[in-house]
1. Within region 16-37, track down each residue that is surrounded by 10 or more Cβ atoms within 10 Å (Cβ to Cβ) and either under 21 Å from the mean Cα position of the chain (by Cα) or at pLDDT 95 or above (or both).
2. Has region 43-55 got any residue that is modelled with pLDDT of 85 or more, surrounded by 10 or more Cβ atoms within 10 Å (Cβ to Cβ), out of contact with any strand residue (DSSP E or B) (no Cβ under 6 Å at 6 or more places or on another chain) and not in a helix (DSSP H, G or I)?
C-alpha cells in the first residue's frame, strides 16, 4: 500500500534526482576553412539561393495570374 506521496516504492529517486551528473562531451573546434574552400561553399550557397529565388518568383507569377 502506498504512502500517498505519489512516488511509488522507489520514492522517486530514479528520475531527475541526482541523475546526469556528467558533463556533455565537448565538440572539437571547427577546422579553419581555406579561402578556396570558402569560395566553393559560397558559390554553392549562391546557386541554391538563386534557385530558391527563381522558384519563389515563378510561384508569385502563378498566383498573380490566377487572381
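1. Listed by number, the list holds a single entry, 37.
2. Within region 43-55, not a single residue is modelled with pLDDT of 85 or more, surrounded by 10 or more Cβ atoms within 10 Å (Cβ to Cβ), out of contact with any strand residue (DSSP E or B) (no Cβ under 6 Å at 6 or more places or on another chain) and not in a helix (DSSP H, G or I).
The values are calculated or read from the model by the stated rules, or taken from the named source; none is laboratory data. Values in this document were obtained by computation on a predicted structure and should not be read as measured data. Don't worry about glycine lacking a Cβ; one is built from the backbone with ideal geometry, like all the others, and counts go over all protein chains shown.
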